[in-house]
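Down below is the structure, laid out as structure tokens.
The values are calculated or read from the model by the stated rules, or taken from the named source; none is laboratory data. From a predicted model like this one, the values you see are computed outputs, not experimental measurements. Here Cβ is always computed from backbone atoms with ideal geometry, including for glycine, and neighbour counts include all displayed protein chains. Side chains are part of the model used for accessible areas, which takes the heavy atoms of the whole protein and leaves out ligands, DNA and RNA. Shrake-Rupley method; radii C 1.70, N 1.55, O 1.52, S 1.80 Å.
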Amino acid sequence: MVKVAILHEGNSKKTNDNELLKLLIENLGHDIDKVEFFGFGTKSNFFKIEDTKYAELKLQIEEELISKILFVVDADYEANDSVSGGFENTKNELNNVLIKLSLSDIADIYVTCNPQTKDGYLESLILSTIPIKQKKCIETFLDCSEFKSKENHKSVLNEIYKKAYPNAPYDFSHPNFDELKQKLNNLFNQ
């Protein structure tokens, strides 16, 4: 069976990134068994052309086991990394990787962030899709809390969101998910 590949941060088992992607793929009615997930760990690994995951991916493409690829990578913040931080820098650096690996014809890129600010990460996208009242509640709680792990903002934000809204974790009908849904649909269209 020819599959599609999704390359994302974290590992290929259960991470926040592939958990959301799996739920969205199922929501769109696509077969999750046709997806090969490649977890790249940290964002910086995406820019290492010699990474063994790229060799594995290229082999599967040559053997015609994988037909299309979607890179899903956090924008993060340009202030923290002037080379690959922020939406535009991330997209440009990933495009360079696609060119160097000769994957431009079969690969696409989705940079996760708050669509309005064009920075952040997966959790920023998720937070941008909830009602303003709920968003302010979470932000206020984060501001006044004394979490020792506040510097690990992504994890704290994700856990608060899941605990506060367990019955409706993601509003996939929100327009901020539209681009990702379109890219996933394109991935499955042969």
- Message: Please count how many residues of the stretch 33-55 are over 11 Å from Ala5 (Cα atoms) and open to solvent by less than 30 Å² (accessible area, probe 1.4 Å).
- Response: 5
- Pair list, Cβ under 6 Å, 6 or more apart: the stretch 34-54 residue closer than 17 Å to Gly85 by Cα and assigned to a helix (DSSP H, G or I), other residue open to solvent by 50 Å² or more (accessible area, probe 1.4 Å) and of a type in the set (D, E, K, R): Phe47/Glu93
- Within the stretch 76-106, work out how many residues are assigned to a helix (DSSP H, G or I), open to solvent by 50 Å² or more (accessible area, probe 1.4 Å) and of a type outside the set (Asp, Glu). 6
- Item | Subset of the stretch 133-173 (residues that are small (Gly, Ala, Ser), modelled with pLDDT of 70 or more and touching an Asp or Glu at 6+ places or on another chain (Cβ under 9 Å)) | none
- Message: Checking Asn176 against (1) open to solvent by less than 80 Å² (accessible area, probe 1.4 Å); (2) out of contact with any Ser or Thr (no Cβ under 6 Å at 6 or more places or on another chain); (3) of a type outside the set (Val, Ile, Thr); (4) modelled with pLDDT of 90 or more: exactly one of these is not met. Which one?
- Response: (2)
- Task: Test Glu123 against the criterion of being open to solvent by 70 Å² or more (accessible area, probe 1.4 Å) and part of a helix (DSSP H, G or I), and give yes or no.
- Result: no
- Query: Do the conditions hold for Ala107, that is, is it modelled with pLDDT of 95 or more and within 16 Å of the chain's Cα centre (by Cα)?
  - Reply: yes
- Go through the residues of the stretch 5-22 one by one and say whether even a single one is part of a helix (DSSP H, G or I), among the charged types (D, E, K, R) and buried (at least 20 other Cβ atoms within 10 Å of the Cβ). yes
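Here is a yes/no grid of residues against (1) in contact with a Leu (Cβ under 7 Å, 6 or more places away or on another chain); (2) under 21 Å from Ile126 (Cα atoms):
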| residue | (1), (2) |
| --- | --- |
| Lys13 | no, yes |
| Leu20 | yes, yes |
| Leu24 | yes, yes |
| Gly29 | no, yes |
| Phe37 | no, yes |
| Lys43 | no, yes |
| Lys48 | no, no |
| Thr52 | no, no |
| Glu63 | no, no |
- Note on the structure: Residue pairs within 8 Å by beta carbon, gap of at least six or interchain, first lying in the stretch 77-103 and under 12 Å from Phe46 (Cβ atoms), second of a type in the set (Gly, Ala, Ser) and open to solvent by less than 30 Å² (accessible area, probe 1.4 Å), listed first then second, are Thr90/Ala75; Thr90/Ser84; Glu93/Ser84; Leu98/Ala107
- Within the stretch 56-70, is there a residue that is of a type outside the set (D, E, K, R), part of a loop (DSSP other than H, G, I, E, B) and either within 22 Å of Asn16 (Cβ to Cβ) or open to solvent by 80 Å² or more (accessible area, probe 1.4 Å) (or both)? no
- Would you check if Val73 is in a strand (DSSP E or B) and in contact (Cβ under 8 Å) with a residue 24 or more places away in the chain? yes
